[in-house]
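To start, the structure itself, in structure tokens.
Read-outs: derived from the displayed coordinates by stated rules, not from any lab. Because the structure is a prediction, the values reported are computed rather than measured. All Cβ positions, glycine included, derive from the backbone under ideal geometry; neighbour counts span all protein chains shown.
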Amino acid sequence: MDDPTDQTLDSLGPRLKNLRLRRDVTLTTLAEATGISTSTLSRLEAGLRRPTLEQLLPLARYYGVTIDSLVDAPRTANPRIDLRPMSCTDGSVIIPLTRRPGGIQAYKFVLPAGKDDDVPDLRSHEGYDWAYVLNGTLRLVLGDQDLLLQTGEAAEFDTRTPHWFGATSSGPVEYLSLVGRQGQRAHIRTSTDHH
């Protein structure tokens, strides 16, 4: 029996080539935009080389598609989500917990231990965020507030308020984040909700 992963990866080459040709882009242009050499791109399109996550991310970003749609991940009746961690240069790991485009997105973040004098790089954007600490201490700088959230604590806020998440010197922190676009909030049911 064929491995479905092999079938998925075998069909990736022609899909990458079609995406490029439909957009009338040369291998040279694509190489410059993604930082992947033309020879590697050519081998990927010919199916002679298996792609790495580091190659799939810039290609998906360039074509404006999700990695799942790029590799045409087979849809199964299994409700579990294939958790594919993404490592960042600062040592943090992001695990997407939802696959559908649009709507509220769920992520698990794992941040390495920080320094208590880390200078926060505050960002703001459209949307709404809900964060829940699974393990460790999460430092949340929200506007002029500097908060330490412990395991089991949650925070929710409008992301137009400048904010920053970090770990403390006490160790790494794991937290869940639900992010909605443009004020879209997760409806948290409580035992007093009767609707």
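Observations on the model:
- Under 5 Å from the amide H of residue 97 lie the amide H atoms of 106, 107, 108, each residue being 5 or more positions distant or on a separate chain, with H modelled from the backbone and absent for Pro and chain starts.
- Scattering curve values for segment 142-183, log₁₀ I(q)/I(0), Debye with Cα scatterers, q = 0.14, 0.15, 0.27, 0.31 Å⁻¹: -0.37, -0.43, -1.24, -1.41
- Principal axis dimensions, segment 4-71 - Cα atoms, whole angstrom, descending: 32, 22, 22
- Relative intensity, log₁₀ I(q)/I(0), of segment 86-180 from a Debye sum that treats every alpha carbon as a point, q = 0.16 Å⁻¹: -0.64
- Computed FRET value (nearest 0.05) for residue 160 with residue 135, which takes r as the C-beta separation and R₀ as 25 Å: 0.30
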